[in-house]
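Colleague: Here you go, one structure.
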Amino acid sequence: VLATKPYAAGDQVFISYGDRSNDQLLQYYGFVEADNSQDVYEFANVPRAVADACAKCSVTAPGLDDFAKNYAGPTLLYQTGFDPAFVTQMGNVCGGEAAARSVLCQMLRNELAQFATSFEADEAALADLGSASRDSPKALALQLRLEKKRLLSSQIASLAR
């Protein structure tokens, strides 16, 4: 461990794990942080997710074909929302900001619907494990899933405003 200043015997020392998502914290350090400001949700196939959301919202997206052909790579949803450039791009794809917000909300709802369990069921399962099992693999998986659901839900609320 490297320190930025000298410490005397008996001083309390804190460790910083840095700016890491819950995926990274779990993978490298074995814990999940509730309400982690650095957490992200990764969308692997954004053109497909956007097309599905457009269909559910009955939004005609004039730029969707070009978007699907030219879009590369995953898209991250942060605690602060999608990257503003991505939101602007979605406005171009969907024919305006209001339609884009509607499509993005639906995309997040679709993602939430893919989880096999509800938020309440996950919380109940975690509570049933008890505090003694908080670091068990099952508890950590439940904690991670709950945090991902919280992130999606908070951004749905934010976009719906």
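Colleague: So what is the calculated 222 nm ellipticity per residue for the chain, using -39500 (n - 2.57) for each DSSP H run with n of 4 or more, over all residues, to the nearest 500 deg cm²/dmol?
Modeller: Here the helix-only value at 222 nm equals -17500 deg cm²/dmol.
Colleague: Please tell me the relative contact order of segment 56-145 in percent, rounded to the nearest whole number, where contacts are Cα pairs under 8 Å and at least six residues apart.
Modeller: RCO, segment 56-145: 24 percent.
Colleague: Principal axes first, then extents: for the Cα atoms of segment 53-158, list largest minus smallest coordinate on each axis, whole Å, largest first.
Modeller: Ordered largest first, segment 53-158 gives principal extents of 53, 24, 23 Å.
Colleague: Check cross-link reach from residue 149 to the lysines: straight Cα distance under 17 Å, and skip same-chain residues fewer than eight apart.
Modeller: Residue 149 reaches 138.
Colleague: Would you mind telling me the share, in percent, of accessible area of segment 18-68 contributed by carbon and sulfur at probe 1.4 angstrom?
Modeller: 42 percent
Colleague: A further question follows. Residue 44 to residue 24: extension gain in nm, 0.36 nm per residue of separation minus the Cα-Cα distance? Before the final figure, lay out each step's value.
Modeller: Working: separation 20, 0.36 × 20 = 7.20 nm, distance 1.72 nm.
Here the answer is 5.5 nm.
Colleague: Given the whole protein assembly as supplied and a 1.4 Å probe, what does the accessible area of residue 7 come to in Å², nearest 10?
Modeller: Surface open to solvent at residue 7 totals about 100 Å².
Colleague: Just the number please: accessible area per residue for segment 1-96, 1.4 Å probe, all protein chains included, in Å².
Modeller: Per-residue value: 67 Å².
Colleague: Can you list the DSSP H helices in the chain whose Cα atoms extend at least 27 Å along the helix axis and whose mean Kyte-Doolittle hydropathy is -0.5 or higher?
Modeller: Taking the DSSP H segments of the chain (at least 27 Å long, mean hydropathy at least -0.5), we get 137-160.
Colleague: Using 0.36 nm per residue, how much length does the chain from residue 9 to residue 92 gain when fully extended, once their Cα-Cα distance is taken away?
Modeller: Result for the pair: 23.9 nm of gain on full extension.
Colleague: Let me ask something else. Note the direction-averaged projected area, equal to a quarter of the hull surface, for the Cα convex hull of segment 1-43, in nm².
Modeller: Projected over every direction and averaged, the Cα hull of segment 1-43 covers 4.3 nm².
The values are calculated or read from the model by the stated rules, or taken from the named source; none is laboratory data. Since we're looking at a predicted model, the values are computed, not measured. Only protein heavy atoms, including side chains, enter the accessible area calculation; ligands, DNA and RNA are left aside. Shrake-Rupley method; radii C 1.70, N 1.55, O 1.52, S 1.80 Å.
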